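Below is one structure, written out as structure tokens; comments come after it.
Please treat every number below as a calculation from the coordinates, not as lab data. Values in this document were obtained by computation on a predicted structure and should not be read as measured data. FYI the Cβ positions are ideal-geometry reconstructions off the backbone, even for glycines, and counts take in every protein chain you see.
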Amino acid sequence: MNRECRILSEHIRINSWKKIMMKKYSFLLLVFSLFMACDDVTDVTTPDLVGKWQLKTVEKNGLETVVDTVWYNFQSESVFMLQVYVPQRDTFLFLYGMKKQQENVLSIRLEFDDYIEYSDWPGRSRSFTIDHLNKKRLTLRSEEGYHYSFIKF
């Protein structure tokens, strides 16, 4: 009888320990989920722009234009590619260049100006202020007063 009581007591203690651990892990999972939900917080000092960003809107003077044919590709910490789909020609155009970021200022210089007429760039070089940056969204403001809104592609 004494042995059965010890086994039962051990079983209860193990089950109690499992319940406590499950509560701790559930709490940690909840905290982690809340942390990930706060991902939309703006942090313009985040240097990691690496990836493909699809331009969704361009706004100036309250007029917003929806765009779905332009991508900014930050292929490394310094390499940049502007990708434009030209529906009239049913083709993609690629313009390559270099980028430099200091604080929330992003400077891009294209190596060549081929096909630049298919973009709204005034020349081979362009500077932007990063107004918003997180893992999902990017908002740039140009020196000319345009606001560009991107989503991570």
Practice item. Would you kindly derive the ³J(HN,Hα) couplings of the stretch 123-137 from the backbone phi angles with the Karplus curve 6.51 cos²θ - 1.76 cosθ + 1.60 (θ = phi - 60°), listing them in order in whole Hz, with x for Gly and Pro? Key: x, 6, 10, 8, 10, 10, 9, 7, 7, 8, 8, 8, 5, 10, 9
Check your understanding: Taking every eigenvalue of the Cα gyration tensor of the stretch 109-153, multiplying by 5 and rooting it, what semi-axes result, largest first, whole Å?
Key -> 22, 13, 9
Exercise for review: Provide, as a two-decimal number, the C-alpha radius of gyration of the stretch 43-135 over 2.2 N^0.38 Å, N being how many residues it has.
Suggested key: 1.08
**Study point:** Gained length - ARG89 relative to THR129, 0.36 nm times residue gap less alpha-carbon distance
**Key:** 11.2 nm
Exercise for review: Pop a pseudo-label 7 angstrom from the Cα along the beta-carbon direction at both MET98 and ARG137 and give the gap in nm to one decimal.
Suggested key: 3.3 nm
